Amino acid sequence: MYDDVYKYSLETILEHVNICNKRFSEINIPTDFVSTEYGKTLLDAIVTRLQAIGENVKNTSRKHNLLQSNYPEMEWNKIIRFRDFISHHYEMLDYEIVYEIGKNYLPKLEFVIKTELAKFE
């Protein structure tokens, strides 16, 4: 069921993805996250947005399950589990995994969310 709440959730996820992408554009290699205080600040900022993305995906999944149904190739459970990991084990966070997410997975997520939002037009 496509409704305003679902659309708002998608828009919120896309906003977080866009902010992550903007911040990630300043990172060229994984160690950029840990080599300076600014890099550490970017890491924290990106991880906070990744946590928010995971929370929104989790909530959207409970209510609609449309993302999982329409895009089974996306690893939705990993997005949700990463959110849980950030929330409960932040001190064990691996900056190289965050780099991998920013480089390889956020662009895919952005495409999926934009594709889903286009259905409202």
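The values are calculated or read from the model by the stated rules, or taken from the named source; none is laboratory data. Only a predicted model underlies this, so the values are computations on that prediction, with no experimental measurement involved. Every residue, glycine as well, gets a Cβ built from its backbone with ideal geometry; the counts of neighbours run over all protein chains shown. The protein model used for the area step is the full one, side chains on, heavy atoms only, and it has no ligands, DNA or RNA in it. Shrake-Rupley method; radii C 1.70, N 1.55, O 1.52, S 1.80 Å.
If you filter the range 1-12 down to residues that are in a loop (DSSP other than H, G, I, E, B) and in contact (Cβ under 8 Å) with a residue 24 or more places away in the chain, you find that the one that is surrounded by the fewest Cβ atoms within 10 Å (Cβ to Cβ) is Met1. Checking each residue in the range 13-48 for being open to solvent by 60 Å² or more (accessible area, probe 1.4 Å), of a type outside the set (Gly, Ala, Ser) and farther than 19 Å from Met92 by Cβ picks out Glu15, Asn18, Lys22, Arg23, Glu26, Asn28, Ile29, Thr36, Glu37, Tyr38, Thr41. Across the range 54-70, the number of residues qualifying as more than 18 Å from Ser87 (Cα to Cα) and of a type in the set (Lys, Arg) comes to 2. None of Lys63, Lys58, Lys22 is basic (Lys, Arg) and at pLDDT 95 or above except Lys22.
Scanning the range 46-83 for residues that are within 19 Å of Glu116 (Cα to Cα) and among the β-branched types (Val, Ile, Thr) returns Ile53, Val57, Thr60, Ile79, Ile80.
Elements of the type helices (runs of 4 or more DSSP H) sitting completely within the range 13-121 and holding at least 2 residues that are among the charged types (D, E, K, R) and more than 16 Å from the chain's Cα centre (by Cα): these cover 37-63.
Of all the residues in the range 60-99, those that are under 23 Å from Ile29 (Cβ atoms), of a type in the set (Asp, Glu) and touching a residue at least 24 places away in the same chain (Cβ under 8 Å) number 1. Selection over the range 38-93 of residues that are within 17 Å of Leu14 (Cα to Cα) and among the hydrophobic types (A, V, I, L, M, F, W, C) gives a count of 13.
Among the residues of the range 81-97, the ones that are surrounded by 18 or more Cβ atoms within 10 Å (Cβ to Cβ) and either at pLDDT 95 or above or touching a Phe, Trp or Tyr at 6+ places or on another chain (Cβ under 7 Å) (or both) come to 1 in all.
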